[in-house]
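Participant: Pasting a structure below so you can have a look.
The values are calculated or read from the model by the stated rules, or taken from the named source; none is laboratory data. The model shown is predicted, which means the values in this text are computed figures rather than measured ones. We place every Cβ from the backbone using ideal geometry, glycine too, and count neighbours over all the protein chains shown. Only protein heavy atoms, including side chains, enter the accessible area calculation; ligands, DNA and RNA are left aside. Shrake-Rupley method; radii C 1.70, N 1.55, O 1.52, S 1.80 Å.
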Amino acid sequence: MENQVKIHFLGGSGTVTGSKFLVETPELNFLIDCGLFQGIKSLRELNWKDFPFDPNNIDLILLTHAHLDHTGYLPKLVKQGYKNPILGTLPTLGIAAVILKDSAKIQEEDAERANKEEYSKHHPALPLYTTSDAEKTIGLFKSIKLNEWHRISENIKYRYQTNGHILGSTFIEIEIFEKRFVFSGDIGREKDLLLEAPNKPEWADYLFLESTYGDRLHPEDDSDEIFIEAIKETVNKKGNLIIPSFAVERLQGIMYKLYLLIKKNKIPKIPIYIDSPMGNEVLGLFEGFSKWHKIEQGEFRKMLSYFNIITSYRDTWKTIDENKSKIVIAGSGMVTGGRVLTYLRYLIDKPETTVLLAGYQAEGTRGRQLENGASEVKIFGKYCPVKAKILKMESLSAHADQKELLDWMSEIKNIPEKIFLIHGEPTALDSLRVKIKDRYNCAVSIPAINDVVTLQL
């Protein structure tokens with residue numbers, strides 16, 4: 001008798017956010033990732049809907065990595081009744097704990113501000129989840145060992161392998177009734193400043209492949225030159241260089257880049273401020289998990305001495321009021337929240353300000369609006385005119401580009417029965433679909449949100 005497996009595409013389908021893939025089997029049900037939707041309003045509104053599958057009937061959650069779009073819905077799921085283990089590598093769980101507490105705090109603060117300034121249509125505005133919900137979620141975390149098969153039922157086992165995207169990130173192989181399902185997570189770069197190249201799967205009957213940059217190759221832009229020119233111009237204009245940054249990996253990568261430029265005397269002396277409470281905590285995790293990245297521990301500590309780490313909101317205001325040229329690196333990377341909004345609210349209308357976008361900007365985010373040349377952006381309920389110079393840098397991306405995605409598949413010995421392209425916007429998904437069919441002659445599917453695919457194994 002054939003065994004039936006159902007895959008529920010509950011997020012990260014036709015979009016780059018909200019990754020959630022429910023696998024329903026005769027033996028148990030599990031979720032791969034549990035991310036928050038970000039970007040356009042119609043997606044963000046999905047976060048507020050009840051989960052479409054009874055959380056009490058999910059036996060475990062497997063996390064590929066810690067980013068908010070892969071973990072940020074977890075406290076909401078716990079709030080709705082989920083109480084079983086949440087599995088990931090030690091660095092993933094460490095970073096996820098930081099991200100979830102930060103997310104809960106931001107949502108509580110946003111709700112409080114919306115109620116105080118009365119710019120929400122909800123009365124009262126409520127957070128999606130609270131710090132208490134985040135703490136309860138973290139209590140369910142359980143770490144796993146890499147490169148080992150772990151059996152979870154009679155006919156189901158899983159294995160984690162590193163994939164070079166962020167500290168602790170992995171792809172997950174799951175054997176279900178002797179068929180291998182591979183969930184890529186977000187795949188990193190072949191030549192990354194901080195991390196080793198991704199491992200590659202050797203067998204996949206069903207492959208779930210991310211497609212963020214499925215339609216493009218990363219430009220060979222010289223990030224060193226972009227930094228050098230932007231910093232020199234900032235000093236000459238007596239302005240501010242603001243770099244919105246993801247707290248995990250991007251922040252540490254930018255710091256390391258700037259540290260190397262400082263060591264080589266390539267940039268003028270200028271104060272550099274790190275204003276990311278979450279990023280500061282992740283810096284501590286980088287120090288604690290030194291075997292997971294390429295910077296030697298002594299060098300890492302030396303690097304930190306060159307930066308001004310801001311720890312209080314009072315110091316954020318002092319930094320804004322400081323009447324001298326400076327570099328500020330602050331979250332969030334797509335300008336959707338965090339301390340960077342406070343800087344931009346007061347500095348984006350000044351021609352001597354430069355904003356350097358150093359990563360992917362999803363549809364519907366302020367970062368995408370700035371990238372596309374918006375003349376104004378809405379921050380904390382007010383429209384701010386954009387007079388700052390906007391620069392874009394893509395070479396620091398932590399995502400594999402089209403070539404690297406295709407190469408990541410190159411060691412799969414069999415022809416997969418089906419490849420599902422996930423975590424991408426429509427153009428990227430379709431471009432990668434064509435390339436995979438041309439190179440590997442595989443059956444490729446592009447599922448939409450809430451699609452359910454039934455497989456007879």
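Participant: Percent antiparallel among DSSP beta bridges with both residues in the range 131-207, to the nearest 5?
Facilitator: Bridges in the range 131-207 that DSSP calls antiparallel: roughly 90 percent.
Participant: Test of the criteria: in the range 320-412, which chymotrypsin sites (Phe, Trp or Tyr not before Pro) are in a DSSP loop and have at most 15 other Cβ atoms within 10 angstrom of their Cβ? Mind showing how you got there, number by number?
Facilitator: Numbers: sites: 343, 346, 360, 380, 383, 408; in loops: 360, 380.
Here the sparse-neighbourhood loop sites are 380.
Participant: Just from its helices, what would the mean residue ellipticity at 222 nm be for the chain, if runs of 4 or more DSSP H residues each count -39500 (n - 2.57) and the sum is divided by every residue, rounded to the nearest 500 deg cm²/dmol?
Facilitator: The per-residue figure over the chain is -9500 deg cm²/dmol.
Participant: Rounded, prolate or oblate for the range 243-321? Axes are the square roots of the Cα gyration tensor eigenvalues, ordered a ≥ b ≥ c, and the cut-off for rounded is a/c under 1.5.
Facilitator: Since a/c reaches 1.5 but b/c is at least a/b, the shape of the range 243-321 is classed as oblate.
Participant: Moving to a separate point now. Which cross-chain or sequence-distant (5 or more) residues have an amide H under 5 Å from the amide H of residue 391, H modelled 1.01 Å from N in plane?
Facilitator: 355, 356, 357
Participant: Helix 426-440 versus the longest principal axis of the chain: what is the Cα-based angle in degrees, 0 to 90, to the nearest 10?
Facilitator: In the chain, helix 426-440 runs at an angle near 50 degrees to the longest axis.
Participant: Which one, 384, 427, 367, is farthest towards the positive end of the dipole of the range 301-447 when Lys and Arg carry +1 and Asp and Glu -1 on their Cβ?
Facilitator: Farthest towards the positive end: 384.
Participant: Let me ask something else. How much accessible surface does residue 180 have with a 1.4 Å probe, in Å² rounded to 10?
Facilitator: So the heavy atoms of residue 180 present about 40 Å² to solvent.
Participant: Follow-up question, since we're still on this one. Apply the a/c threshold of 1.5 to the C-alpha gyration tensor of the range 297-432 and tell me whether it is rounded, prolate or oblate.
Facilitator: oblate
Participant: Checking the cross-link filter: which lysines have an alpha carbon closer than 22 Å to that of residue 324, excluding same-chain neighbours under 8 positions apart?
Facilitator: 232, 237, 238, 266, 269, 350, 387, 389
Participant: Run through the DSSP bridge list for the range 343-400 and note the antiparallel percent, rounded to the nearest 5. Show your work: numbers first, answer last.
Facilitator: Details: 4 of 8 bridges.
In the range 343-400, approximately 50 percent of DSSP beta bridges are antiparallel ones.
Participant: Further, regarding this structure: Rounded to whole Hz and in sequence order, give me ³J(HN,Hα) for the range 53-70 from the Karplus expression 6.51 cos²θ - 1.76 cosθ + 1.60, θ = phi - 60°, writing x for Gly and Pro.
Facilitator: 9, 4, x, 5, 9, 9, 8, 6, 10, 10, 9, 7, 6, 9, 3, 4, 6, 10
Participant: Right, something else. Given H placed on each backbone N at 1.01 Å, which residues far from residue 376 in sequence or on other chains put an amide H within less than 5 Å of it?
Facilitator: So residue 376 has HN proximity to 386.
Participant: Taking the Cβ of residue 279 as the centre, find all other residues whose Cβ is under 12 Å away and add up their charges (Lys, Arg: +1; Asp, Glu: -1). Provide the component values of the computation, followed by the final result.
Facilitator: Working: positive: 250, 339; negative: 102, 249, 275, 281.
In short, -2.
Participant: With angles folded into 0 to 90 degrees, how steeply does helix 223-237 sit against the dominant principal axis of the chain? Use alpha carbons for both and round to 10.
Facilitator: 30
Participant: Among the listed pairs 145/291; 136/382; 20/179; 302/392; 142/291, which have their C-alpha atoms separated by more than 25 angstrom in this model?
Facilitator: With Cα atoms farther than 25 Å apart: 136/382; 302/392.
Participant: Let me ask something additional. Cα gyration tensor of the range 24-131, axes a ≥ b ≥ c as square roots of the eigenvalues: rounded (a/c below 1.5), prolate (a/b > b/c) or oblate?
Facilitator: Because a/c hits 1.5 or more and a/b exceeds b/c, the range 24-131 counts as prolate.
Participant: Hey, what's the range 168-252 come to in accessible area per residue, 1.4 Å probe, Å²? Don't skip to the end; give the middle numbers.
Facilitator: Working: 2910 Å² over 85 residues.
Solvent-accessible surface per residue comes out at 34 Å².
Participant: I would also like to ask the following. Counting DSSP beta bridges with both partners in the chain, what percentage is antiparallel, nearest 5? It would help to have the intermediate numbers written out before the result.
Facilitator: Details: 34 of 70 bridges.
Of those bridges, close to 50 percent are antiparallel.
Participant: Would you work out which of 156, 100, 89 lies farthest towards the positive end of the dipole of the chain? Charges go on Cβ: Lys and Arg +1, Asp and Glu -1.
Facilitator: Of the candidates, 100 comes out farthest on the positive side.
Participant: Please work out the Cα center distance from the range 370-426 to the range 294-328, rounded to the nearest Å.
Facilitator: So the separation of the two Cα centres works out to 27 Å.
Participant: Another question, then. Charges at C-beta only: +1 for Lys and Arg, -1 for Asp and Glu. How large is the resulting dipole of the range 251-395 about its Cα centre, in Debye rounded to 20?
Facilitator: It comes to approximately 340 debye.
Participant: So, one more: Treat every Asp and Glu Cβ in the chain as -1 and every Lys and Arg Cβ as +1, leave all other atoms uncharged, and give the resulting dipole magnitude about the Cα centre to the nearest 20 debye.
Facilitator: 1300
Participant: For the full complex of protein chains and a 1.4 angstrom probe, list 225, 404 by accessible area with the highest value first. Before the final figure, lay out the partial values.
Facilitator: Numbers: 225 90, 404 25 Å².
Result of the area sort, largest leading: 225, 404.
Participant: Could you list which residues have their amide H under 5 Å from that of residue 418, counting only those 5 or more apart in sequence or on another chain, with H placed in the peptide plane?
Facilitator: 207
Participant: Going 7 Å from the Cα of residue 414 in the Cα-to-Cβ direction, what parts of the range 177-213 have a backbone nitrogen less than 19 Å from that spot?
Facilitator: Counting backbone N atoms under 19 Å from the label point, the list is 177-184, 200-209.
Participant: Roughly how much of residue 317 is accessible, in Å² to the nearest 10, using a 1.4 Å probe?
Facilitator: 90
Participant: Relative to the present Cα-Cα distance, how much length would full extension add between residue 154 and residue 57 at 0.36 nm per residue of separation?
Facilitator: 33.1 nm
Participant: Calculate one ³J(HN,Hα) per residue across the range 17-25 by plugging θ = phi - 60° into the Karplus curve 6.51 cos²θ - 1.76 cosθ + 1.60, and present them in order as whole Hz with x for glycine and proline.
Facilitator: Taking θ as phi minus 60°, the curve returns 10, x, 4, 7, 10, 8, 10, 9, 10 Hz for the range 17-25.
Participant: With +1 on the Cβ of every Lys and Arg and -1 on the Cβ of every Asp and Glu, and nothing else charged, how large is the dipole of the range 1-157 about its Cα centre, in debye rounded to the nearest 20?
Facilitator: Here the size comes out at about 120 debye.
Participant: Moving on. Return the loop-located GluC sites (Glu not before Pro) in the range 70-136 (DSSP other than H, G, I, E, B) with at most 14 other Cβ atoms within 10 Å of their own Cβ; answer none if there are none.
Facilitator: 118
Participant: What are the ³J(HN,Hα) couplings of the range 263-268, residue after residue, when phi is run through the Karplus curve with 6.51, -1.76, 1.60 and θ = phi - 60°? Round to Hz, x for glycine and proline.
Facilitator: 4, 8, 6, 8, 10, x
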